[in-house]
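The values are calculated or read from the model by the stated rules, or taken from the named source; none is laboratory data. This structure is a prediction, so every number in the text was calculated from the model and none was measured. Neighbour counts are summed over all protein chains in view; Cβ atoms, including those assigned to glycine, are modelled from backbone coordinates with ideal geometry.
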Amino acid sequence: MPSDLLPAARPASRPTAAAPRGPTRVLGVVRGRTLPLGRVVAVGGLVLLVLYAVLVPVLVPVDLDHVDYVTGPTPPSLAHPFGTDLAGRDLLVRGAHGLRVSLVAALAGAAGAVVLGCLVGATCALAGGRADRWGMRLVDGVNAVPHLLLGIVVAAALRGSLLTIVLVVAATHWTQTARLVRAELLALGSRDFYRAAVSLGLTRRQVLRHHAAPRLAAQLAVALGLLVPHAVWHESTLTFLGLGLPPHQPSLGALLDLGQQALLSGAWWTLAAPAGLLVAVTLCLAGSLAGRTGDRRG
């Protein structure tokens, strides 16, 4: 074959690293990479919020049921940085307890949603045929109903408790995880290495353990993190509506309900404190994971 018919070999070009985009990026310490400044701030804020929710109830042990109507609502000061509510209770301590309860409920509910979505998605992908079609119709049916409306129906049917919040979040947020797992397993079945592994005699369980599980682990971790701020809002909304946690148990939703009632008397800080915590934890959770998903796309 004449040599002039062969395509000319192109010189190998070395990949160039993308330059940092001005002051919006800072030097990272993980593998020499640059990390977005917003993600660093979000992760730092999330760490501070978790420390606040964990350490304040330990360092400042108070009786949450104790009331002091003589003191009444006082604005923020050095003695009470978040002020006190209508019953004279310190909102700094109650906010820490409420944030901890809301985060625990959101994490448990999001974990339940991920597990349920994995089961449904894996069953649809591995069974195929009629089971796959009916499973996807179930996913479409759940998605057609607004999550908040479905959560109100489930919470109204059950007695308000922490377990009820977990079940509501898990029952209304599993559909996206099911679609993710199903799509990943179906894509895996068309890959060449999957066919080669099957031809070598590997069982389906071995292929799933060695190939599918590592690929799904990182995606499910991101999906779990993205569900947590959404679950925090659901817990707060249901408790604010009187369908979630009982009133004596502090949570962000219960504090918002009490703050809304005290707002008419001019005690604006009773609503500002839990609302600020709710917005802060949502922004920190979403910001810390936004950089993670962006790195994975890149």
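Does the stretch 151-167 contain any residue that is of a type in the set (Val, Ile, Thr), over 23 Å from Thr282 (Cα atoms) and in contact with a Ser or Thr (Cβ under 8 Å, 6 or more places away or on another chain)?
Yes, there is a match, as at least one residue in the stretch 151-167 is of a type in the set (Val, Ile, Thr), over 23 Å from Thr282 (Cα atoms) and in contact with a Ser or Thr (Cβ under 8 Å, 6 or more places away or on another chain).
Could you tell me whether Leu107 is under 21 Å from Leu224 (Cβ atoms) and assigned to a helix (DSSP H, G or I)?
yes
Just checking, does the stretch 159-169 include any residue being of a type in the set (D, E, K, R) and within 16 Å of the chain's Cα centre (by Cα)?
No: zero hits.
Tell me which of these Thr282 doesn't satisfy, since it passes every other one: (1) within 18 Å of the chain's Cα centre (by Cα); (2) surrounded by 14 or more Cβ atoms within 10 Å (Cβ to Cβ); (3) farther than 20 Å from Val166 by Cβ; (4) modelled with pLDDT of 85 or more.
Of (1) within 18 Å of the chain's Cα centre (by Cα); (2) surrounded by 14 or more Cβ atoms within 10 Å (Cβ to Cβ); (3) farther than 20 Å from Val166 by Cβ; (4) modelled with pLDDT of 85 or more, only one is false for Thr282: (3).
Evaluate the following for His234: is it assigned to a helix (DSSP H, G or I), out of contact with any Cys (no Cβ under 7 Å at 6 or more places or on another chain) and exposed (fewer than 14 other Cβ atoms within 10 Å of the Cβ)?
No: the conditions fail for His234.
Quick check on my filter: what residues within the stretch 237-262 are assigned to a helix (DSSP H, G or I), aliphatic (A, V, I, L, M) and in contact with a Gly (Cβ under 7 Å, 6 or more places away or on another chain)?
Leu238, Leu252, Ala254, Leu255
Here are Leu119, Leu35, Leu48: which of them is over 28 Å from Leu255 (Cα atoms) and modelled with pLDDT of 90 or more?
Just one listed residue meets the conditions, Leu119.
Only one of (1) part of a helix (DSSP H, G or I); (2) of a type in the set (Gly, Ala, Ser); (3) crowded, with 17+ Cβ neighbours inside 10 Å is not met by Ala267, so which one is it?
Tallying (1) part of a helix (DSSP H, G or I); (2) of a type in the set (Gly, Ala, Ser); (3) crowded, with 17+ Cβ neighbours inside 10 Å, Ala267 fails exactly one: (1).
Output yes when any residue across the stretch 139-149 is at pLDDT 90 or above, assigned to a helix (DSSP H, G or I) and surrounded by 14 or more Cβ atoms within 10 Å (Cβ to Cβ), and no when none is.
yes
Would you please name the residue that is surrounded by the fewest Cβ atoms within 10 Å (Cβ to Cβ), looking only at residues in the stretch 152-183 that are modelled with pLDDT of 85 or more and charged (D, E, K, R)?
Arg179
List pairs: first in the stretch 195-221 and at pLDDT below 75, second among the aromatic types (Phe, Trp, Tyr), Cβ under 8 Å, 6+ apart or cross-chain?
Partner pairs satisfying both residue conditions: Val207/Tyr194; His211/Phe193; His211/Tyr194.
Could you tell me which of the residues Arg89, Arg94 is crowded, with 18+ Cβ neighbours inside 10 Å and touching a His at 6+ places or on another chain (Cβ under 8 Å)?
Every option except Arg89 fails the conditions.
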